[in-house]
1. What number of residues within the stretch 64-78 are in contact with a Leu (Cβ under 8 Å, 6 or more places away or on another chain) and either without any contact (Cβ under 8 Å) to a residue 40 or more places away in the chain or surrounded by fewer than 17 Cβ atoms within 10 Å (Cβ to Cβ) (or both)?
2. Does any residue in the stretch 103-120 that is more than 14 Å from residue 10 (Cα to Cα) and of a type in the set (Ser, Thr, Tyr) come within less than 6 Å, Cβ to Cβ, of a residue that is part of a strand (DSSP E or B) and open to solvent by 70 Å² or more (accessible area, probe 1.4 Å) six or more places away or on a different chain, and which pairs are these?
3. Consider residue 39 carefully, then state whether it is at pLDDT 90 or above and of a type outside the set (Val, Ile, Thr).
4. Anything in the stretch 1-25 that is at pLDDT 85 or above, touching a Ser or Thr at 6+ places or on another chain (Cβ under 9 Å) and surrounded by fewer than 13 Cβ atoms within 10 Å (Cβ to Cβ)? List them, or say none.
5. Going through 112, 93, 86, 122 one at a time, which residue ends up being touching a Leu at 6+ places or on another chain (Cβ under 7 Å) and surrounded by 14 or more Cβ atoms within 10 Å (Cβ to Cβ)?
6. Report the residue count in the stretch 103-115 for those that are modelled with pLDDT of 95 or more and assigned to a helix (DSSP H, G or I).
7. Just to be sure I understand the filter: pairs with C-beta atoms under 9 Å, separated by 6 or more residues or on different chains, first member in the stretch 1-19 and under 20 Å from residue 55 (Cβ atoms) and in contact (Cβ under 8 Å) with a residue 24 or more places away in the chain, second member in a strand (DSSP E or B) and among the hydroxyl-bearing types (Ser, Thr, Tyr). Which pairs pass?
8. From the set of residues in the stretch 42-80 that are at pLDDT 85 or above and in a loop (DSSP other than H, G, I, E, B), which is farthest from residue 2 (Cα to Cα)?
Amino acid sequence: MKSITFEEHYVIEDIQKETMNAISADPKGVPMKVMLEGLEKETGFTNADELSHHDERIQFMNNQDVQIQVLSYGNGSPSNLVGQKAIELCQKANDQLANYIAQYPNRFVGFATLPINEPEAAAREFER
């Protein structure tokens, strides 16, 4: 039986780098970069969800009888940022995801990445 999987993560390398450079550490929390490095060290997790790793994603889908994946931005999302940088990077992520989906419309749909700390911009991006 064919299935649909939801909230399958993807990342985009250059957006990840810009997000990590722009993110400010919470003085009461663990910095995102440290958390992701620790996660990779302890579990072997990497950004294998990089959108450019298309062949692996399709192979997994075919092997698991997945017809469609609903993609959403993974760890280190630019939606965590504030200000203009959040808006720009969320738009960039959405543009790249839309282009990817347009290439494979029978296999992928996606959730928008929204600059949630900028409510008016988030509403505009949601409509766009």
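The values are calculated or read from the model by the stated rules, or taken from the named source; none is laboratory data. Only a predicted model underlies this, so the values are computations on that prediction, with no experimental measurement involved. Glycine gets a Cβ as well: all are built from the backbone with ideal geometry, and neighbour counts include every protein chain shown. For accessibility, only protein heavy atoms count, side chains too; no ligands or nucleic acids. Shrake-Rupley method; radii C 1.70, N 1.55, O 1.52, S 1.80 Å.
1. 1
2. Pairs found: none.
3. Values: at pLDDT 90 or above: no; of a type outside the set (Val, Ile, Thr): yes.
Considered against the rule, which asks whether it is at pLDDT 90 or above and of a type outside the set (Val, Ile, Thr), residue 39 comes out as no.
4. 6, 13
5. Details: 112 fails: touching a Leu at 6+ places or on another chain (Cβ under 7 Å); 93 fails: touching a Leu at 6+ places or on another chain (Cβ under 7 Å); 86 fails: touching a Leu at 6+ places or on another chain (Cβ under 7 Å).
Of the residues listed, the single one that is touching a Leu at 6+ places or on another chain (Cβ under 7 Å) and surrounded by 14 or more Cβ atoms within 10 Å (Cβ to Cβ) is 122.
6. 0
7. Sorted first by the residue in the stretch 1-19, then by its partner, the pairs are 8/72; 9/72; 9/73; 10/72; 10/73; 11/73; 12/73.
8. 77
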